[in-house]
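Please read the structure below before turning to the comments.
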Amino acid sequence: MLLDSGPSVTITLDLFTVSLLLAGLLFGFTLILAKRKYFFLRRSDRSFDLKKLLVLSAGTVCFLRIMSFVGVIAMDIANVRAHYSLNPASIKDMKKGDGRQPIERNQSFYDSSMTVLFDLPNAITVSTYVLLTLVWAECYLLSRFHTESSVQWRKRWLVWYMIFNSALYATQVILYILIFVGGRESKQVVVMRNVVNVAMAGINLSAVLLVFLLYLYLSVSFSGFPYRSQSSKEGLRKISRLMAFWSVSRIIWGASQLIAFIHDVDLLRPEQASWSPIIFFLLLVLCEIVPIIVLMDYSFMTIYEFADGATREMSALATGQHNLGPTTGPTDRDVEEWDSQRSDQGRDDEYPPLGGAESFCESTEPLLGQPVS
């Protein structure tokens, strides 16, 4: 508890605030991890590419989550003396009143600000997921021999990524403007906060659907092209598992928001003795913290070395030292020895000796001294 120097004011940390503090600490750890990975990439190559942009985007997610939780907690503590409390966003609570009762101006701003602060990082999390999809798609192209232009594909993807981001952030800004403009009555507050939650749930699920359609398109378009090597195939499989994990996490996050809307669960104003803060904390860990840690630790070096590995394989192919087989299988020297043994065996079968090695040599020596007629 905290004691003010003026009149005695007691601030009690509830379960929701504790969940936000713990989640903020975990996001701080992931932010430090993202910072280290970015400086590693910067020391390796000064040029700005998709890998650096991906790490920056993941770090921005962590930073905005921390600032969001700090802002929500600070506003909650600062408004104790003013006796502000967030109005409910549940339909059943709205029906208890007339629903058209005007809200005091400062209370309306408080409700709108809390909603925006709480929801602010959701859009950039989806943008990071789509950016990871572009990195995966680029690795998909580099893992195979094909006749397509990788540069043209990359330009196309970047254009669509900019269009998606523009639509995503425009939708977010419009929703936030409507929250501040339209939240003058209690019923309008309920409607706008629910619209924001449902819209973000739909954006998450729509992003996963678009990624799945891209996966089907690439699988069909490049199904006839072979992999560059076994190592490229294994590297792409590892990055694909990372993509699948992020996709499942986005589905869980979007579905949880829809379930919260259907069952009138208000995460910003949890009921007493409710498990919703703990569930929200677990969702943050499962759907954002763990995926970012897996990206930075499990698959980071695979993504970092993928392009260089593809370049080395093309150079090896040009010099005739390329091996398409498994990395743990026979080497090129073993294959040459087997070929020589098979060729020697074939010559022995074609010209078998009649009486052993000596008789064979004796029978052939006179022929060497005869003139060719």
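The values are calculated or read from the model by the stated rules, or taken from the named source; none is laboratory data. Treat the numbers as computed from the prediction; the structure is a model and nothing was measured. Note that each Cβ is placed from the backbone with ideal geometry, even for glycine, and that neighbours are counted across all protein chains shown. These area figures cover heavy atoms from the full protein model, side chains too; ligands, DNA and RNA do not enter into them. Shrake-Rupley method; radii C 1.70, N 1.55, O 1.52, S 1.80 Å.
Remarks
- Segment 223-263, residues that are in a helix (DSSP H, G or I), of a type in the set (D, E, K, R) and in contact with a strand residue (DSSP E or B) (Cβ under 8 Å, 6 or more places away or on another chain): LYS233
- Qualifying residue in segment 246-260 (condition: modelled with pLDDT under 95 and more than 22 Å from the chain's Cα centre (by Cα)): yes
- Residue, nearest to ALA307 (Cα to Cα), within segment 228-241, restricted to residues that are crowded, with 17+ Cβ neighbours inside 10 Å and of a type in the set (Ser, Thr, Tyr): SER232
- Cβ-Cβ contacts under 6 Å between residues 6 or more apart (or on different chains), taken from a first residue in segment 255-269 that is surrounded by fewer than 19 Cβ atoms within 10 Å (Cβ to Cβ) and polar (S, T, N, Q) to a second residue that is in a helix (DSSP H, G or I) and at pLDDT below 85, are absent.
- From the list VAL211, VAL220, VAL198, the lone residue that is of a type in the set (Val, Ile, Thr), modelled with pLDDT of 85 or more, open to solvent by 30 Å² or more (accessible area, probe 1.4 Å) and closer than 20 Å to TRP136 by Cβ is VAL220.
- Residue in segment 144-157 that is within 23 Å of SER232 (Cβ to Cβ), touching a strand residue (DSSP E or B) at 6+ places or on another chain (Cβ under 6 Å) and not hydrophobic (A, V, I, L, M, F, W, C) present: yes
- Checking CYS139 against (1) at pLDDT 95 or above; (2) open to solvent by less than 70 Å² (accessible area, probe 1.4 Å); (3) closer than 28 Å to ASP49 by Cβ, the condition it does not meet: (1)
- Within segment 41-56, considering residues that are assigned to a helix (DSSP H, G or I) and free of Cβ contacts under 8 Å to residues at least 12 places away in the same chain, the one surrounded by the most Cβ atoms within 10 Å (Cβ to Cβ): ARG42
- Residue in segment 84-91 that is in a helix (DSSP H, G or I), open to solvent by less than 70 Å² (accessible area, probe 1.4 Å), more than 30 Å from ASN165 (Cα to Cα) and at pLDDT below 85 present: yes
- Members of segment 228-251 that are in contact (Cβ under 8 Å) with a residue 60 or more places away in the chain, among the basic types (Lys, Arg) and more than 13 Å from VAL130 (Cα to Cα): ARG228, LYS233, LYS238
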